[in-house]
Amino acid sequence: MRTQVGIIGAGPAGLMLSHLLHLDHIETVILEHRSREEIEGTIRAGVLEHGTVDLMNQLGIGRRMMKEGHIHHGIELQFNGKRHRINMHDLTGGKDIMLYAQHEVIKDLVEARLQTGGQIFFNVKDVSLHNIETKNPYIQFRSGEGEELQRIYCDFIAGCDGFHGPSRKAIPKEARQEKQKIYPFGWLGILAKTPPVNSELVYTNHEKGFALLSTRSPEIQRHYLQVDPKDDINNWSDDRIWMELHERVDMEDGWTIKDGPIIQKNIVPMRSFVCETMRYGNLFLAGDAAHIVPPTGAKGLNLAIADVQVLAKGLHEYYKISEENLLNRYAEICLRRVWKAQRFSWWMTTMLHRDYEHTPYEQGIQLAELDYVTSSNHAAASLAENYVGLPLEINMLHTTISS
Ligand code: RFL
Ligand code: PHB
């Protein structure tokens, strides 16, 4: 089999890249090791930046998002038992975010690709990358357990296979520039059958730890609790989860969260990670394959979508005008956004979580940071600008290319 761009992974990065390239008449094949049902049912992100929303609409795949998603104009920060609103809409000159679940974005992208004849191989096994440092790379895989090995020859491989996929590891270790930070925090996430508790997200700093109130639909809510990353979800009965949420988010004025049946719960650890070697030969890494952020800034999916827009534009120039400048600058251009999202996600995480190693002095600084960001328009504007999403680098390329 032969294609122009072989894509590993049908997450937001791989599917969006395939769709963007299809619209540009560039051929792709996607290899995904999970089933379609699994990728369309995995609960992850919820917040889309305004640029991601605009892109979905421009590409004609935003119809369901505009109907079923919810636009939020602000967020709330809660500390010392009181809530403070950050009016992102006003602070950014009219920009908002959209609450629309990642697996719904996946469903929309899979449908768009399959409707236009896109090739997605689900349930593949033993995916490996070969000759990536040459102009003739290929991907080897089995179409199912026990099937024969097959090859896809391509001009380029896009490694969109998330943090644990094989693409990044195909780059020799000595050639990989990697930087990471592990946090002593985990998030226990739940989906609960309850009515919405608040019209906007509430990020809470409490002495027992961080809590986040989010939403999915009028019937289903998504909440998170800071827990020990090594804790076992079996230690958390539904009653214990609700008790802990009450303790952290209920307010002095009598406002209280509503309990209900918990239909899904799990614990995820938190890390910040950047592989600066986003290109190696004819392999390009995009999304979580290249970088991870803690979810407190709601940036991971949005960064994945930003990377593939740069890659799609680079591939456009390569195929349509035989120009490689943008492809050569792929890592450099993406990393500027990646590091700013790293900084923001680290900052939100540090400001909102309780580090039990902290001294009373460090706790004082943390509360002063929250007080500052909720009482100074300048500080709040900086949070808002980052939260709704910084401008996309490819839209500013005329300035960076000539500089
Ligand atoms: P994905 O989504 O991990 O997709 C990678 C795909 O590659 C497949 N794969 C393989 N395929 C073939 N062969 C192999 N050997 C393979 N190995 C892996 C996988 O099955 C998968 O389908 O990476 P991508 O596309 O880069 O997308 C990244 C996002 O998924 C991630 O950054 C976000 O979920 C992060 N995130 C959030 N991001 C936001 O922008 N806004 C949010 O509100 C937000 N909330 C969150 C989050 C992540 C969370 N968790 C679970 C860490 C909330 C949480 C709790
Ligand atoms: C979510 O709704 O899943 C969500 C919202 C905000 C975050 C992270 C996750 O910062």
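Every read-out reported here was derived from the displayed coordinates using simple, explicitly stated rules and does not represent laboratory data. Please read these numbers as outputs of a predicted model, since none were measured by experiment. Neighbour counts are summed over all protein chains in view; Cβ atoms, including those assigned to glycine, are modelled from backbone coordinates with ideal geometry.
Some observations on this one:
- In terms of packing, defined here as the mean over residues of other Cβ atoms within 10 angstrom, the peptides 61-67, 291-297, 157-163 line up highest first as 157-163, 291-297, 61-67.
- Exposure proxy for Glu178, Glu219, Glu148: other Cβ atoms within 10 Å of each Cβ, ordered fewest to most, give Glu148, Glu219, Glu178.
- Net charge contributed by nearby residues that have their C-beta within less than 10 Å of Ala13 (K/R +1, D/E -1): -3
- Extending 7 Å from Cα along the Cβ direction at Thr116 and again at Ser35 yields two label points whose distance is 2.8 nm.
- Normalised radius of gyration (Cα atoms, divided by 2.2 N^0.38 Å) for the chain: 1.00.
- Cα gyration tensor, the range 108-162 - rounded (a/c under 1.5), prolate or oblate: oblate
- Listed from fewest to most Cβ neighbours within 10 Å, the set Ser214, Ser199 follows the order Ser199, Ser214.
- Here each label is just a point 7 Å from Cα along the line to Cβ, and for Ser375 and Asp228 those points are 3.6 nm apart.
- For Glu104 and Arg336, the difference between the fully extended length at 0.36 nm per residue and the C-alpha to C-alpha distance is 80.7 nm.
- Rounded to 0.05, the FRET efficiency of the Glu145 and Gln363 pair, given R0 = 60 Å and the Cβ-Cβ distance, is 0.70.
- Separation of alpha-carbon centers, the range 224-288 and the range 1-55, rounded to whole Å: 24 Å
- Neighbour-count order for Val105, Val338, Val268, fewest beta carbons within 10 angstrom listed first: Val268, Val338, Val105
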